[in-house]
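Novice: This is the structure I have questions about; it appears just below.
The values are calculated or read from the model by the stated rules, or taken from the named source; none is laboratory data. These numbers were taken from a predicted model, which means no experiment stands behind them. Reconstructed Cβ throughout: ideal geometry from the backbone, glycine too, with neighbour counts over all protein chains shown.
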Amino acid sequence: MTNVTGLQAGESAEEQAFQAKIDREERIEPKDWMPEGYRKTLVRQISQHAHSEIVGMLPEGNWVTRAPSLKRKAVLLAKIQDEAGHGLYLYSAAETLDASRDEMTEALHDGRAKYSSIFNYPTLSWADIGAIGWLVDGAAIVNQVALCRCSYGPYARAMERICKEESFHQRQGYEIMMVLAQGTPEQKEMAQDALNRWWGPALMMFGPHDSNSVHSSRNMAWKIKRRSNDDLRQQFIDMTVPQAEYLDLSIPDPDLTWNEETGHYEVGPIDWDEFERVVKGGGPVGRERIRDRRRAWEEGAWVREAALAHAEKRRQRKMQAAAE
Amino acid sequence: MNETELMDQPAANAPALDAGTQAIFVDYLLHLGDNGLILGQRLGEWCGHGPVLEEDIAMTNIALDLIGQARMLLTRAGEIEGAGRDEDALAYTRDALAFRNLLLVEQPNGDFALTMVRQFLFSAWSYELYRRLTASTDPGLAAIAAKAVKEAAYHRRHSGEWLIRLGDGTAESKRRAQDALDDLWIFTDEMFEAQPGDAALAAAGLIPEPSSLRPDWEAMVERVLAEATLTRPDPGFRREGGRTGRHSEYLGHILSELQFLQRAYPGAQW
């Protein structure tokens, strides 16, 4: 049994020192000793996060060529570029834990590694680009602000940088929604339809209820996770409901109520069956997302081989020149 | 000077031109703006599908630069035209016949070799062009060129380095790079071909003579092809017509995607 501090009976001196360091709020760095379980959990979580950034480029990429103004097109391109950059620093953070990028990529492609299941939903209208920025990036920020205090240094530092860019994305997404909500009746309908489709999946981004979350207690003791799924979800709901009201859009939940006593909004039951189906079966476009990633990787193999072959040729020529 | 300041420049600083020269100059600015817009649109198709994450970042970054250039150039064209058309009116409501981009930039992405060869041939040219346009007698265009030349230098270096890696990489990459070069070479003469109005614009110091870019472009291309161990294709059939609105079949499809929302919801704000 793990107690609240993560200490276990019969733990080694190394394990005790490690936990004591975490309890003192000191960060763990790549060269520090760490339990194998800590390393594995972080590799799983960081690579999952990196994969989410990469797969997340696909639903947004779907609207780059159709963005309705040149300004929107430029902003969307910049956002997708940021996401690729986030993927890159997250893979680098995972590499400090001896995971290789090629292995992580392979795990994504053969279905061993997960990514945020929200990206297994399709982007059907321009309003979806607004809804992703507003809701998906909004939910991501709530999660990620908590992760800036994660015990693992490289991950926490990557998060600080990512959070700054994400909040910019969230504002841009909300602004897209605002223009649509104040636009023509068709545009407002487009915005409402997007909210209807993305609200439930956004709530599921925080993961199962605390009572059903498998990894939670140990990850809390290790300070990989600082706040519970339900806590974070509540913060997101409290933040988002008034934003929807301001847009004059309806949250698609007939049971949504404001609880005067607790000072929180309460939502109706979340469709966990759908969540399970999407996580396990890929959801509406999960197969397409992985197929697209795999295809890009396979079709790019000759490019990566050429770059390696050329680098090797240069190295040999340099050595030859030095020998002469 | 940042982008916003450039866009806010009043048309008041437009050079004094007679109506005929002014119309030709607007057409020329559309030519430059459309090159950026259409090539940026093509690169945007790669989003999330690049051969390696670093290239997804690079291609998106180049697309962003090109769309940025297009916005400034189309805005400038609209200001000088004085008919109230802004960047979006120009990008989203003209049909193919009114587009002035080179045929090269509308060619499909093909494989990564084709995309990089297209980028290199174009950027080697646009670098030489923008370098000269920094001295344009139109201060608006000169300021845009000062920004664009730095971007074109990076695009040229990035794509040129890839040509060298691919040409001097594996047998397969060499074959693909050479095929791409052979496919696209027929579109290169168009970059140096003068249109009837260009002499007047050059005489007014607004633009360089198109043919004057050729020696520097040739020298750069020769240098990179030599290092890439690629063979310069024989001058064969040449394709041109972009600047007079005679495009390849691809442009209509590009526009149907680019302009979809503006066409489906006329007059809506986004």
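Novice: Confirm whether A:Ser228 is hydroxyl-bearing (Ser, Thr, Tyr) and under 19 Å from A:Val136 (Cβ atoms). Step through it out loud before you land on a result.
Specialist: Details: hydroxyl-bearing (Ser, Thr, Tyr): yes; under 19 Å from A:Val136 (Cβ atoms): no.
No; evaluated as a whole, the condition is false for this residue.
Novice: How about region A:290-324: which of its residues are out of contact with any helix residue (DSSP H, G or I) (no Cβ under 7 Å at 6 or more places or on another chain), among the hydrophobic types (A, V, I, L, M, F, W, C) and facing another protein chain (nearest Cβ under 7 Å)?
Specialist: A:Ala296, A:Ala309
Novice: Now, a different point. Looking only at region A:35-50, decide whether some residue is under 24 Å from A:Gln170 (Cα atoms), free of Cβ contacts under 8 Å to residues at least 40 places away in the same chain and in contact with a helix residue (DSSP H, G or I) (Cβ under 8 Å, 6 or more places away or on another chain). I'd like the intermediate steps shown before the answer.
Specialist: First, the residues of region A:35-50 that are under 24 Å from A:Gln170 (Cα atoms): A:45-50.
From what is left, the residues that are free of Cβ contacts under 8 Å to residues at least 40 places away in the same chain are none.
Taking every residue of region A:35-50 in turn, none turns out to be under 24 Å from A:Gln170 (Cα atoms), free of Cβ contacts under 8 Å to residues at least 40 places away in the same chain and in contact with a helix residue (DSSP H, G or I) (Cβ under 8 Å, 6 or more places away or on another chain).
Novice: Quick one: which of A:Ile237, A:Ile251, A:Ile224 is under 30 Å from A:Gln19 (Cβ atoms), more than 14 Å from every other protein chain (Cβ to nearest Cβ) and of a type outside the set (D, E, K, R)?
Specialist: Values: A:Ile237 fails: under 30 Å from A:Gln19 (Cβ atoms); A:Ile251 fails: under 30 Å from A:Gln19 (Cβ atoms).
Being under 30 Å from A:Gln19 (Cβ atoms), more than 14 Å from every other protein chain (Cβ to nearest Cβ) and of a type outside the set (D, E, K, R) holds for just one of A:Ile237, A:Ile251, A:Ile224, which is A:Ile224.
Results for (1) without any contact (Cβ under 8 Å) to a residue 24 or more places away in the chain; (2) more than 29 Å from B:Asn13 (Cβ to Cβ), shown as yes or no for each residue.
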| residue | (1), (2) |
| --- | --- |
| B:Met116 | no, yes |
| B:Gly160 | no, yes |
| B:Gly167 | no, yes |
| B:Glu172 | yes, yes |
| B:Phe187 | no, yes |
| B:Glu190 | no, yes |
| B:Ala194 | yes, no |
| B:Ala202 | yes, no |
| B:Glu218 | yes, yes |
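Novice: Against the condition of a type outside the set (A, V, I, L, M) and either crowded, with 20+ Cβ neighbours inside 10 Å or under 30 Å from A:Ala311 (Cα atoms) (or both), how does B:Asp179 come out, does it pass? Give the steps one after another, and end with the answer.
Specialist: Working: of a type outside the set (A, V, I, L, M): yes; either crowded, with 20+ Cβ neighbours inside 10 Å or under 30 Å from A:Ala311 (Cα atoms) (or both): yes.
Yes.
Novice: Please go through region B:35-47 and pick out each residue that is crowded, with 24+ Cβ neighbours inside 10 Å and within 22 Å of A:Arg304 (Cα to Cα).
Specialist: Once the filter is applied, which keeps residues that are crowded, with 24+ Cβ neighbours inside 10 Å and within 22 Å of A:Arg304 (Cα to Cα), region B:35-47 yields B:Leu43, B:Gly44, B:Cys47.
Novice: Does B:Leu213 satisfy being of a type outside the set (S, T, N, Q) and closer than 30 Å to A:Glu312 by Cα?
Specialist: On the way: of a type outside the set (S, T, N, Q): yes; closer than 30 Å to A:Glu312 by Cα: no.
For B:Leu213, the condition - of a type outside the set (S, T, N, Q) and closer than 30 Å to A:Glu312 by Cα - is not met.
Novice: Taking A:Val214 and the conditions (1) modelled with pLDDT under 95; (2) surrounded by fewer than 16 Cβ atoms within 10 Å (Cβ to Cβ); (3) in a helix (DSSP H, G or I), which numbered condition does it fall short on, given that it satisfies the others?
Specialist: (3)
Novice: Further, regarding this structure: Which residues, taken from region A:224-249, are part of a loop (DSSP other than H, G, I, E, B), of a type in the set (Lys, Arg) and surrounded by 20 or more Cβ atoms within 10 Å (Cβ to Cβ)?
Specialist: At the first step, the residues of region A:224-249 found to be part of a loop (DSSP other than H, G, I, E, B) are A:224-228, A:248-249.
Applying the additional criterion that residues be of a type in the set (Lys, Arg) yields A:225-227.
Residue satisfying the conditions is A:Lys225 alone.
Novice: Quick check on this structure: which one of A:Arg233, A:Arg226 is charged (D, E, K, R), modelled with pLDDT under 95 and within 20 Å of the chain's Cα centre (by Cα)? Spell out the reasoning first.
Specialist: On the way: A:Arg233 fails: modelled with pLDDT under 95.
Result of the check over A:Arg233, A:Arg226: A:Arg226.
Novice: Something else now. Out of all the residues in region B:43-90, which are at the interface with chain A (Cβ under 7 Å from one of its Cβ atoms), of a type in the set (Gly, Ala, Ser) and within 29 Å of B:Tyr265 (Cβ to Cβ)?
Specialist: Just the residues of region B:43-90 that are at the interface with chain A (Cβ under 7 Å from one of its Cβ atoms), to begin with: B:44-45, B:47-53, B:56-57, B:60-61, B:63-64, B:67-68, B:70-71, B:87-88.
Keeping just the survivors that are of a type in the set (Gly, Ala, Ser) gives B:44, B:48, B:50, B:63, B:68, B:70.
Result: B:Gly44, B:Gly48, B:Ala63, B:Gly68, B:Ala70.
Novice: Same structure, new question: For region A:269-288, indicate whether the set of residues that are within 14 Å of another protein chain (Cβ to nearest Cβ) and either of a type in the set (Ser, Thr, Tyr) or outside any loop (DSSP other than H, G, I, E, B) (or both) is non-empty.
Specialist: Residues of region A:269-288 within 14 Å of another protein chain (Cβ to nearest Cβ): A:285, A:288.
Cutting the leftovers down to either of a type in the set (Ser, Thr, Tyr) or outside any loop (DSSP other than H, G, I, E, B) (or both) gives us A:288.
Scanning region A:269-288 turns up at least one residue that is within 14 Å of another protein chain (Cβ to nearest Cβ) and either of a type in the set (Ser, Thr, Tyr) or outside any loop (DSSP other than H, G, I, E, B) (or both).
Novice: Would you mind telling me which numbered condition in (1) crowded, with 16+ Cβ neighbours inside 10 Å; (2) of a type outside the set (Asp, Glu); (3) without any contact (Cβ under 8 Å) to a residue 40 or more places away in the chain; (4) under 30 Å from A:Asn196 (Cβ atoms) A:Val267 fails?
Specialist: (3)
Novice: Related question: I'd like the full set of residues that are within 8 Å of another protein chain (Cβ to nearest Cβ) and in contact with a Gly (Cβ under 7 Å, 6 or more places away or on another chain), limited to region A:38-79.
Specialist: A:Ile54, A:Met57, A:Leu58, A:Gly61, A:Val64, A:Thr65, A:Ala74, A:Leu77
Novice: A:Val136: under 15 Å from A:Arg227 (Cα atoms) and either surrounded by 16 or more Cβ atoms within 10 Å (Cβ to Cβ) or in contact with a Leu (Cβ under 8 Å, 6 or more places away or on another chain) (or both), yes or no? Talk me through it step by step, then tell me what you get.
Specialist: Working: under 15 Å from A:Arg227 (Cα atoms): no; either surrounded by 16 or more Cβ atoms within 10 Å (Cβ to Cβ) or in contact with a Leu (Cβ under 8 Å, 6 or more places away or on another chain) (or both): yes.
Here the answer is no, as A:Val136 does not meet what is asked.
Novice: Are any of the residues in region B:262-269 more than 13 Å from chain A (Cβ to nearest Cβ), of a type in the set (A, V, I, L, M, F, W, C) and without any contact (Cβ under 8 Å) to a residue 24 or more places away in the chain?
Specialist: The first filter runs over region B:262-269 and keeps only residues more than 13 Å from chain A (Cβ to nearest Cβ), leaving none.
Looking through region B:262-269, none of the residues is more than 13 Å from chain A (Cβ to nearest Cβ), of a type in the set (A, V, I, L, M, F, W, C) and without any contact (Cβ under 8 Å) to a residue 24 or more places away in the chain.
Novice: Give me the helices (runs of 4 or more DSSP H) completely within region A:107-194, filtered to those with at least 2 residues that are without any contact (Cβ under 8 Å) to a residue 24 or more places away in the chain and of a type in the set (S, T, N, Q), ordered by residue number.
Specialist: The helices (runs of 4 or more DSSP H) meeting that bar number zero.
Novice: When you scan region A:309-316, do you find a residue that is among the aliphatic types (A, V, I, L, M), surrounded by fewer than 17 Cβ atoms within 10 Å (Cβ to Cβ) and part of a helix (DSSP H, G or I), even just one?
Specialist: Within region A:309-316 (the criterion being among the aliphatic types (A, V, I, L, M), surrounded by fewer than 17 Cβ atoms within 10 Å (Cβ to Cβ) and part of a helix (DSSP H, G or I)), the answer is yes, since at least one residue qualifies.
Novice: Restricting to region B:131-168, name every residue that is touching a Lys or Arg at 6+ places or on another chain (Cβ under 8 Å), within 14 Å of another protein chain (Cβ to nearest Cβ) and crowded, with 22+ Cβ neighbours inside 10 Å.
Specialist: B:Leu166, B:Gly167
Novice: Let me ask you something else. Does B:Leu74 fit the bill of being of a type outside the set (S, T, N, Q) and closer than 20 Å to B:Asp189 by Cα? It would help to see each step written out before you state the result.
Specialist: Values: of a type outside the set (S, T, N, Q): yes; closer than 20 Å to B:Asp189 by Cα: no.
It is false that B:Leu74 is of a type outside the set (S, T, N, Q) and closer than 20 Å to B:Asp189 by Cα.
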